[in-house]
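Worksheet for the structure shown next.
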There are 2 protein chains.
Amino acid sequence: MEKQYSISDLAKEFDISNRTLRFYEEKGILQPTRNKSTRIYSASDRVTLRLLLRGKRLGFSLQECVDIISMYDPESGSEAQLQSLLEKIQEKQKLLKQQQTDIKLMLIDLKSAETKCLESLK
Amino acid sequence: MEKQYSISDLAKEFDISNRTLRFYEEKGILQPTRNKSTRIYSASDRVTLRLLLRGKRLGFSLQECVDIISMYDPESGSEAQLQSLLEKIQEKQKLLKQQQTDIKLMLIDLKSAETKCLESLK
DNA sequence: ATTTACCTTTACGTTAACGTAAAGTTTGGG
DNA sequence: CCCAAACTTTACGTTAACGTAAAGGTAAAT
């Protein structure tokens, strides 16, 4: 039997609010089953949530996160669809690489600021 | 004589709207001088803008970007202030490193998706 | 002189991503 | 049996980060 989670289980684990999980359901991002009216999240829901939050940490909007997650399993389509998907994937890759360089630059600046700070403290 | 820029100069260079630049001024982020009523941006404004947009690409809010930029020049303060600044700097560093691993993971997933896509296309 | 292309201010509108409050249901413990 | 701790739905509120429209000033070119 697969693991199951209550709304508060996931909320606590990922440090988000119950409202947030309900909101994600409203948006069709998560589809927990129900026991009576109570939500029951599956292991798969949990994975989706994890991926979603990873995207959010990178500054992507919910919609972008959903789009990205949907790229992970190419549900096989026409050649045109595959081509289009491929382009989207490569576009995201490019964006992420830009972010990588942005982070490196910012880390350099912060490192230098940290050093100055430490020198002033001696 | 230092370089100067009109609002549209900067808007075009950084691919943002004039409104956005005015908005940043409202928020006190940029302080262009004026010729009559027309805004004149300095090289320093341009640098600030560049740093701001770099922060935005990483998903930081405007306020966070401002905070980060202000970390770059430790305007010398009391030991307590320097300590506090140091902690903030290190917190941001930690956050950026989290982002680095998030990006790496996402790039792995996208690479795998890309491969699948390419295989389906042959 | 008037059109064109800039610039300005003021001010209301919009969207995303939830927060928060109200009112009600269900369920295990004492 | 009753209470407290979970859960539910409905619905209005909030903030950030601009967009957009209205109404007008200025300067160079035609």
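The values are calculated or read from the model by the stated rules, or taken from the named source; none is laboratory data. Because the structure is predicted, anything quoted here is derived from the model rather than measured. Cβ: placed from backbone, ideal geometry, glycine included. Neighbour counts: every protein chain shown. Just so you know, the surface numbers come from the protein's heavy atoms only, side chains and all, with ligands and any DNA or RNA stripped out. Shrake-Rupley method; radii C 1.70, N 1.55, O 1.52, S 1.80 Å.
General observations
- Relative contact order of chain A: 16 percent, from C-alpha pairs under 8 Å at least 6 residues apart in sequence.
- Alpha-carbon centroids, the range A:24-84 and the range A:1-15: separation in whole Å: 16 Å
- Cross-link pairs A:111/B:3; A:94/B:94; A:92/B:88; A:97/B:97; A:92/B:116; A:56/A:92 - those with Cα-Cα distance over 19 Å: A:111/B:3; A:94/B:94; A:92/B:88
- With contacts taken as Cα pairs under 8 Å and at least 6 residues apart, the range A:1-64 reaches a relative contact order of 32 percent.
- Using only alpha-carbon positions in the range B:1-73, the gyration tensor eigenvalues give semi-axes of 20, 13, 11 Å once each is multiplied by 5 and square-rooted (largest first).
- Of all chain B residues, the one whose C-beta is nearest the axis that brings B onto A, in angstrom: B:59, 1
- In this assembly of identical copies, the label point of residue B:26 (Cα plus 7 Å along Cα-to-Cβ) is separated from its counterparts by 2.6 nm, sorted shortest first.
- Where B meets A: accessible area buried, both sides, 1.4 Å probe, Å²: 3900 Å²
- The tail of the calculated P(r) for the protein assembly as shown, taken as Cα-Cα distances beyond 34 Å, holds 35 percent of the pairs.
- Counting Cβ atoms of other protein chains within 10 Å of each Cβ in B:25-35 and taking the mean gives 0.
- At most 10 other Cβ within 10 Å, DSSP loop - trypsin sites (Lys or Arg not before Pro), the range B:11-44: B:36
- Rg/Rg_ref, chain A, where Rg_ref = 2.2 N^0.38 Å and atoms are Cα: 1.45
- Per residue, chain B exposes 62 Å² of accessible surface when a 1.4 Å probe is rolled over the protein heavy atoms with every protein chain present.
- With N the number of residues in the range A:79-122, Rg(Cα) / (2.2 N^0.38 Å) evaluates to 2.06.
- Derived scalar couplings ³J(HN,Hα) [the range B:96-102; Karplus, 6.51 cos²θ - 1.76 cosθ + 1.60; whole Hz; x for Gly, Pro]: 5, 5, 4, 4, 4, 6, 4
- The phi-based Karplus calculation (6.51 cos²θ - 1.76 cosθ + 1.60; θ = phi - 60°) puts the 3J(HN,Hα) values of the range A:29-39 at 7, 10, 10, x, 7, 10, 10, 6, 10, 7, 6 Hz, whole numbers, x for Gly and Pro.
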